[in-house]
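Please treat every number below as a calculation from the coordinates, not as lab data. All values reported here derive from a predicted model rather than from experimental measurement. Cβ atoms come from the backbone with ideal geometry, glycine included; neighbour counts cover every protein chain shown.
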Amino acid sequence: MVLDILEYPDSRLRKVASPVAAVTADVRKLVADLAETMYSAPGVGLAATQVNVHKRVLVIDVSEARNELRVFINPEIVAAEGEAECEEGCLSVPGYYDKVIRAAKITVRAQNEHAEVFELSTDGMLAVCIQHEMDHLIGKVFVDYLSPLKRARLRARLRKKQRLAG
């Protein structure tokens, strides 16, 4: 089922997600709904927080063919090194892109939808995407990395967009 994606500056995007105690049928349904929502948006990553479900679950697919879904339940970064600047966008901040500095290479430990624990070391787009989506789980949006002036301009632009749509 395609879920509604919260848009910045919705205060529900600031809520910290709770760990998943067990990978149940409900969690697997959430994973399927997140994937369907992400693909239809279309995006390359989606955290449960973005659809107002405050559990530590995210999905990512950075493949060209959009056929390599990766599921991260209770993800944690266990190693990070280097620095990389990358232009990011976000389904919760539609139409806005800006540069963010993140770790260049990370190792993440998580569970998949079968409750299997895995570790993944990666860099490039996948590393950026994992860090971006994990930020959502702690109530952080990529625009938080921007200067106060850029954030103020963005908020003004979004308020204007809401007025025109309203």
Whats the longest run of the chain with zero GluC sites (Glu not before Pro) that are DSSP loop and have at most 12 other Cβ atoms within 10 Å? 1-63
Between ALA25, GLY45, VAL62, whose Cα lies farthest towards the positive end of the dipole of the chain when Lys and Arg beta carbons carry +1 and Asp and Glu beta carbons carry -1, centred on the Cα centre? GLY45
Among VAL117, VAL51, which comes first, second and so on when ranked by fewest other beta-carbon atoms within 10 Å? VAL117, VAL51
Give the cross-link partners of LYS140 among the lysines, using a straight C-alpha distance below 18 Å as the criterion and excluding same-chain residues fewer than 8 apart. LYS15, LYS55, LYS99, LYS150
Efficiency of FRET from Cβ geometry, ALA22 and HIS54, R₀ 22 Å, rounded to 0.05: 0.85
When a footprinting reagent is the concern and you count Cβ atoms within 10 Å, what order do MET125, MET38, MET134 take, fewest first? MET125, MET134, MET38
If the label point is 7 Å along Cα→Cβ of SER11, which residues in segment 51-71 have backbone nitrogen under 18 Å from it? 51-54
Would segment 16-84 count as rounded, prolate or oblate if I go by the C-alpha gyration tensor, calling it rounded below 1.5 in a/c and otherwise prolate when a/b exceeds b/c, oblate otherwise? oblate
So, R0 is 22 Å and r is the distance between the beta-carbons of ASN67 and GLU116; what FRET efficiency does that work out to, to 0.05? 0.60
Which value, in debye to the nearest 20, describes the size of the charge dipole of the chain about its Cα centre when Lys and Arg Cβ atoms bear +1, Asp and Glu Cβ atoms bear -1, and nothing else is charged? 1060 debye
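Cα gyration tensor of the chain, axes a ≥ b ≥ c as square roots of the eigenvalues: rounded (a/c below 1.5), prolate (a/b > b/c) or oblate?
Here the chain falls in the oblate category.
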When ILE77, ILE101 are ranked with the fewest other C-beta atoms within 10 Å first, the list becomes ILE101, ILE77
Cα long-axis angle, helix 25-40 against the chain (0 to 90 degrees, to the nearest 10): 50 degrees
State the answer as a single residue: which of VAL16, LEU149, TYR97 lies farthest towards the positive end of the charge dipole of the chain, with beta carbon charges of +1 for Lys and Arg and -1 for Asp and Glu, about the Cα centre. LEU149
Pairwise label distance in nanometres, ARG159 with THR107, each label 7 Å out on the Cα-Cβ vector: 4.7 nm
Working from Cα positions, state the angle (0 to 90°, nearest 10) between the long axis of helix 124-137 and the longest principal axis of the chain. 80 degrees
Along segment 16-24, what does the Karplus equation 6.51 cos²θ - 1.76 cosθ + 1.60 (θ = phi - 60°) give for ³J(HN,Hα), rounded to whole Hz, x for Gly and Pro? 7, 6, 8, x, 7, 6, 8, 7, 9
Whole-angstrom gap from segment 101-166 to segment 27-53, using each part's C-alpha centre: 14 Å
